[in-house]
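Scroll down for the structure; my scribbles are underneath it.
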Amino acid sequence: MRRIEQEHLEDLALGAVFLATGGGGDPHLPRLIAEQALASYGPVDLVRPEDLDDNAFIVPVGSVGAPTVSLELLPSLDEAANTVAAFEDFVGRKADAIASFEIGGGNSLVPLVAAAAGGVPVIDGDGMGRAFPEAQMMSYAIAGVKPTPALAYDYAGNTAIFQTQSTDVYEYHIRAFAAAAGGMITVAEHTMTGKELKASVIPGTLSFSVKLGRMLRQHRGPVANILAPLEEIFKPSIYGVCRHLFSGKVIDKSTRIIGGYD
């Protein structure tokens with residue numbers, strides 16, 4: 001699989017939701033925005049980390065905040081593209097490729113919008129392999145990639161530049177800005193070279209999400225129908241063995257937004 005087309009978005013979102021176990025936002029609105037972006041700009045090339053030039057300039061982009069806010073504070077079609085464009089203007093360099101923070105329900109799709117608008121590829125990989133809540137939990141940060149300079153873009157088009165001494169401090173400030181900006185922002189951060197990406201990315205996660213989502217879509221129904229295909233698809237993956245622990249049904253949930261999280 002070397003490019004993402006509109007027909008892949010449903011499976012990408014479904015596979016990402018499974019891997020994220022609820023993290024990274026609801027994919028519904030980001031998927032609609034991604035569909036519009038690909039309809040307007042065309043498919044997005046999917047590049048393997050090992051195929052990048054060591055000097056390539058990689059810009060990870062995604063949403064930060066409480067995804068529940070987006071149910072009322074709807075994101076615009078161009079927030080991701082505007083975030084990257086504003087960051088490029090600040091640093092004086094164009095992105096050679098866009099990367100993902102995480103394989104989250106929404107954050108697996110946001111980079112596609114920026115890549116489509118910018119006419120650049122998206123990396124087949126991300127910084128978490130799943131969806132975790134804080135920047136210092138990314139493999140990029142663990143490998144020593146600095147989070148800043150970073151640029152945050154809010155719903156009104158306001159931007160803020162961040163320069164911090166550590167990822168922990170950066171997470172504190174970016175979360176506070178998200179809360180002050182209505183609960184959700186789009187951010188370009190942890191920019192790096194192709195060489196740094198190769199040493200820090202979790203590879204193959206976007207293409208695997210599409211493959212996983214396709215399998216899940218084709219095996220809807222009782223849990224028993226999906227156990228064998230799940231085990232089979234995970235065996236050769238970077239995720240390792242997938243095991244069935246229990247079955248149940250969610251009958252209720254409550255969501256609260258506290259300190260920029262939900």
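Each value in this text was obtained by applying a stated rule to the coordinates, not by laboratory testing. Only a predicted model underlies this, so the values are computations on that prediction, with no experimental measurement involved. Don't worry about glycine lacking a Cβ; one is built from the backbone with ideal geometry, like all the others, and counts go over all protein chains shown.
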Relative contact order in percent for the stretch 151-225 (Cα pairs under 8 Å, 6+ apart) equals 28 percent
For the chain, percent of DSSP beta bridges that are antiparallel (nearest 5) comes out at 70 percent
Can you pull the one-decimal nm distance between simple spin-label points at residue 169 and residue 36, each 7 Å off the Cα toward Cβ? 3.9 nm
Zone of residue 53 (label point 7 Å along Cα→Cβ, backbone N under 17 Å): which residues in the stretch 114-132? 119-123
Roughly how many whole Å is it from the C-alpha centroid of the stretch 197-262 to that of the stretch 128-171? 25 Å
Provide the packing ranking of 169-180, 215-226, i.e. peptides ordered by the mean count of other C-beta atoms within 10 Å per residue, highest first. 169-180, 215-226
If you line up the long axis of helix 205-218 against the longest principal axis of the chain, both from Cα atoms, how many degrees apart are they, to the nearest 10? 30 degrees
For an R0 of 25 angstrom, estimate the FRET efficiency from the Cβ-Cβ distance between residue 29 and residue 180 and round to the nearest 0.05. 0.70
Choice from 88, 102, 231 showing the highest fluctuation, given a GNM over the chain with Cα pairs closer than 10 Å: 231
If you place +1 on the Cβ of every Lys and Arg and -1 on the Cβ of every Asp and Glu, how big does the dipole about the Cα centre of the chain come out, in debye to the nearest 20? 680 debye
Where does each of 138, 192 land when they are ranked from fewest to most other beta-carbon atoms within 10 angstrom? 192, 138
If we count other beta carbons within 10 Å of each Cβ, what is the order of 21, 193, fewest first? 21, 193
Folded to 0 to 90 degrees: helix 9-20 orientation relative to the chain principal axis, Cα: 90 degrees
Among 122, 228, 104, which residue has its Cα positioned farthest towards the positive end of the charge dipole of the stretch 76-235, with +1 placed on the Cβ of Lys and Arg, -1 on the Cβ of Asp and Glu, and the dipole taken about the Cα centre? 228
Mind checking the dipole of the stretch 1-85: about its Cα centre, +1 per Lys or Arg Cβ, -1 per Asp or Glu Cβ, Debye to the nearest 20? 120 debye
Select one label from [x] 17.5, 54; [y] 24.6, 90; [z] 21.0, 87: the one whose number is Rg and Dmax of the Cα atoms in Å as derived from the coordinates shown. [x]
Note to self, the chain gives a 222 nm [θ] from helices alone (DSSP H runs n ≥ 4, -39500 (n - 2.57) apiece, / all residues, nearest 500) of -11500 deg cm²/dmol
Angle check, please: helix 79-91 long axis (alpha carbons) against the longest principal axis of the chain (alpha carbons), in degrees 0 to 90, nearest 10. 40 degrees
When 168, 126 are arranged by how many other beta-carbons sit within 10 Å of their Cβ, fewest first, they go 168, 126
Förster radius 30 Å - calculated FRET efficiency between residue 243 and residue 72, Cβ distance, rounded to 0.05: 0.20
